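Here is the structure we will look at, set down as structure tokens.
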Amino acid sequence: MKFQMLWFALVLIAVETNATKKGKKATVPALIVFGDSIMDTGNNNKLPTILKSNFPPYGKDFPGGLATGRFSDGRVPSDLLAEKLGLAKTLPAYLSPNLNPRDLLKGVIFASGGTGYDPLTAKIMSVISVWDQLTYFKEYISKIKQHFGEGRAQNILDHSCFLVVSSSNDIAHTYLAQSHRYDRTSYANFLADSAVKFVIKLHKLGAKNIGVFSAAPIGCVPFQRTVFGGVTRGCVTPLNDMAKQFNSRLSPALNSLDKKLDGIILYINVYDTLFDMIQNPKKYGFEVADKGCCGTGALAVSYMCNSLNPFTCSNSSAYIFWDSYHPTERAYQVLVDKLFDKYLKQVL
Ligand SMILES: *[C@@H]1O[C@H](CO)[C@@H](O)[C@H](O)[C@H]1NC(C)=O
């Protein structure tokens, strides 16, 4: 019950934000996000990693056509959700240069493309582990205290929406490096337990309303289809099974945390919606679901998706995937809208 209330609260707030014009104050002060490339708005730009996207054609549908380090043609779910909450059209990456303290007030993104719950994932990719993202979060809260006072920091902790989105890179890549220690099931369980640990740590640092995305059907991204999907380029079942195992362990664990901790701990099922979109693209107004828009759409990601590649599609809105791993802004918009509706309808 309680977990449905977060979305109910979010929607109320979205409605209420319209009332802000009449002088009423919105209740969610900020959106704060941890995780990987689904949510990263540019934290990798200055890191010594090959996982970057701050060059064209990334950003071709972003305002001004800017390649900001978002792993998409346009905005990513952290931006789209911030917009739904009436906070801002985009949210800054915490490591962006020249952020001033005011830029932090509506929320900030700690997510780093390529990371995972398994510390080895971030190490292999030379990016920021979700655990180190918590260290940056502590620094963020002290900055807010220093510039705007204890009360403001407490308000952000008590009333903000916190999101955690990770596991894809662990499942798709790091598992291969960990398979001497784990079988698929036990690795998925280890990841789910890590996600729960992360939520407990974040809650200890003061966050109250925490949503955690389920794993995605990672076996259906174009890259995995190309490499492991055979001649028909089908979805890769063992990867999707790992994602489902992760979800089946995470969901009840978050439910019991929700009962135990104050605030709201919410499991957000993105698997089913994304899977349905990929299986039935036309239903959602998409033409292509098994190839990315960038390059030939089969393998290109990060530096392989660049402006030297002449094959990039002209209309990314017709595609579910932008590159061989990441959805287009339009697909993200469908997903974010659906998640809102889904959880709202249960409440009404
Ligand atoms: C791009 O694709 C979308 C989805 O198929 C379609 O609705 C839209 O008209 C297309 N835009 C252009 C300019 O072709």
Can you check what the Kirkwood hydrodynamic radius comes to for the chain, Cα pairs only, in Å to one decimal? 20.2
MRE, 222 nm, helices only [DSSP H, n ≥ 4, -39500 (n - 2.57), over the chain, to nearest 500]: -13500 deg cm²/dmol
With the chain treated as a Gaussian network of Cα nodes joined by springs under 10 Å, which of Gly206, Gly151, Gly219 yields the largest mean-square fluctuation? Gly151
Which order do the peptides 35-46, 194-205, 328-339 take when ranked by the mean count of other beta-carbon atoms within 10 Å per residue, highest first? 35-46, 328-339, 194-205
Could you work out how far helix 237-260 tilts from the main Cα principal axis of the chain, as a 0 to 90 degree angle to the nearest 10? 10
Given H placed on each backbone N at 1.01 Å, which residues far from Gly35 in sequence or on other chains put an amide H within less than 5 Å of it? Ala111, Ser112, Val165
No other cysteine beta carbon under 4.7 Å away is the test; run it over the chain and list who passes. Cys161
Between their Cα atoms, which of Lys143/Lys204; Lys143/Lys208; Lys259/Lys338; Lys138/Lys208; Lys84/Lys106; Lys84/Lys204 are more than 21 Å away from each other? Lys259/Lys338; Lys84/Lys204
Net charge over other residues, Cβ less than 15 angstrom from the Cβ of Ser179 (K, R count +1; D, E count -1): -2
Explain nothing, just the number: relative contact order of region 192-313, from Cα pairs under 8 Å at least 6 residues apart, as a whole percent. 28
If one builds a Gaussian network model of the chain from Cα atoms under 10 Å apart, the most fluctuating residue listed among Ala30, Ala153, Ala93 is Ala153
For region 83-148, what log10 I(q)/I(0) values come out of the Debye formula at q = 0.20, 0.24 1/Å, with one point per alpha carbon and no solvent? -0.86, -1.04
Please build a GNM for the chain, connecting alpha carbons under 10 Å apart, and tell me which residue among Arg102, Arg225, Arg70 fluctuates the most. Arg102
Packing-based order for 316-326, 74-84, using average beta carbon neighbours within 10 Å, highest first: 316-326, 74-84
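Here, each number is a calculation from the coordinates, and none is a lab measurement. If you're wondering where the values come from, they're calculated on a predicted model, not measured in any experiment. As a convention, Cβ positions derive from the backbone with ideal geometry for all residues, glycine included, and neighbour counts pool all protein chains shown.
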